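The values are calculated or read from the model by the stated rules, or taken from the named source; none is laboratory data. As the structure is a computational prediction, the values presented were derived from the model and not from experiment. Positions of Cβ are backbone-derived with ideal geometry, glycine not excepted, and every protein chain shown enters the neighbour counts. Surface accessibility is based on the protein's heavy atoms, side chains included, excluding ligands, DNA and RNA. Shrake-Rupley method; radii C 1.70, N 1.55, O 1.52, S 1.80 Å.
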Amino acid sequence: MSTSMITRMKGAALLDVPTYEEVEHDRSATGQAAMVVLIAAVAEAVGGMGSGAGLIGGGVAALVRWATWSGVTWFIGTKVFNGTADWGELLRTIGFAQAPAVLLAVGILPFVGVLVIPVVGIWLLVTALVGIRQALD
């Protein structure tokens with residue numbers, strides 16, 4: 001039985017390596033990863049950090065960025081650094097690595113947002129690195 005998306009988001013945010021391994025190998029988790037990307041885009045828009053493209057445009061842009069970043073990472077990771085992964089594995093791990101972005105919604109709050117946003121930015125960098133490392137083995 002597959003793990004719930006919320007449980008996986010929590011594991012990814014907490015840098016739980018087995019969670020990244022699980023989503024890497026679960027081909028059915030690609031849809032969940034896409035939902036995480038969309039949730040992150042909504043949180044970013046609510047927090048006032050969105051591109052101004054609106055909810056639909058921002059969601060589409062987030063999915064395009066996710067797919068592009070995963071493809072570029074796959075190419076560099078496998079062709080330059082001899083990693084072993086397919087594009088889907090990187091889509092899933094990079095998608096779930098965006099889980100901490102749900103906290104960007106607090107950007108709407110005066111003072112609190114200013115403190116939280118840089119922390120979330122660093123957190124997202126670390127989760128992305130863990131996801132990429134796990135996917136590329």
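In the stretch 100-115, which residues are open to solvent by less than 90 Å² (accessible area, probe 1.4 Å), in contact (Cβ under 8 Å) with a residue 40 or more places away in the chain and among the aliphatic types (A, V, I, L, M)? Spell out the reasoning first.
Going through the stretch 100-115, the residues open to solvent by less than 90 Å² (accessible area, probe 1.4 Å) turn out to be 100-107, 109, 112-113.
Among the residues that remain, those that are also in contact (Cβ under 8 Å) with a residue 40 or more places away in the chain are: 100-107, 113.
Of everything in the stretch 100-115, those that are open to solvent by less than 90 Å² (accessible area, probe 1.4 Å), in contact (Cβ under 8 Å) with a residue 40 or more places away in the chain and among the aliphatic types (A, V, I, L, M) turn out to be Ala101, Val102, Leu103, Leu104, Ala105, Val106.
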Those residues of the stretch 82-99 which are part of a helix (DSSP H, G or I) and either within 16 Å of Ala13 (Cβ to Cβ) or open to solvent by less than 20 Å² (accessible area, probe 1.4 Å) (or both) amount to Gly88, Leu90, Leu91, Arg92, Thr93, Ile94, Gly95, Phe96, Ala99
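Of Thr68, Thr30, which residue is more than 14 Å from Ala101 (Cβ to Cβ) and open to solvent by less than 50 Å² (accessible area, probe 1.4 Å)? Please lay out each step first, then the result.
Details: Thr68 fails: open to solvent by less than 50 Å² (accessible area, probe 1.4 Å).
Selected residue: Thr30, the only one of Thr68, Thr30 that is more than 14 Å from Ala101 (Cβ to Cβ) and open to solvent by less than 50 Å² (accessible area, probe 1.4 Å).
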Do any helices (runs of 4 or more DSSP H) entirely within the stretch 1-62 hold 2 or more residues that are among the basic types (Lys, Arg) and modelled with pLDDT of 95 or more, and if so, which? 5-13
Would you pick out the residues in the stretch 86-99 that are within 9 Å of Ala135 (Cα to Cα) and without any contact (Cβ under 8 Å) to a residue 60 or more places away in the chain? Asp86, Leu90
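Here is a yes/no grid of residues against (1) of a type in the set (Phe, Trp, Tyr); (2) closer than 19 Å to Arg27 by Cα; (3) in contact with a Ser or Thr (Cβ under 6 Å, 6 or more places away or on another chain):
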position: Asp86; (1), (2), (3): no, yes, no
position: Glu89; (1), (2), (3): no, yes, no
position: Val102; (1), (2), (3): no, no, no
position: Gly107; (1), (2), (3): no, no, no
position: Phe111; (1), (2), (3): yes, no, no
position: Val114; (1), (2), (3): no, no, no
position: Val120; (1), (2), (3): no, no, no
position: Leu125; (1), (2), (3): no, no, no
Exception for Pro118 within (1) open to solvent by 40 Å² or more (accessible area, probe 1.4 Å); (2) farther than 25 Å from Glu44 by Cα; (3) not small (Gly, Ala, Ser) falls at (2)
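Which one of Val119, Val106, Val102 is within 17 Å of Arg8 (Cβ to Cβ) and either out of contact with any Phe, Trp or Tyr (no Cβ under 7 Å at 6 or more places or on another chain) or acidic (Asp, Glu) (or both)? Give the derivation first.
Numbers: Val119 fails: within 17 Å of Arg8 (Cβ to Cβ); Val106 fails: within 17 Å of Arg8 (Cβ to Cβ).
Being within 17 Å of Arg8 (Cβ to Cβ) and either out of contact with any Phe, Trp or Tyr (no Cβ under 7 Å at 6 or more places or on another chain) or acidic (Asp, Glu) (or both) holds for just one of Val119, Val106, Val102, which is Val102.
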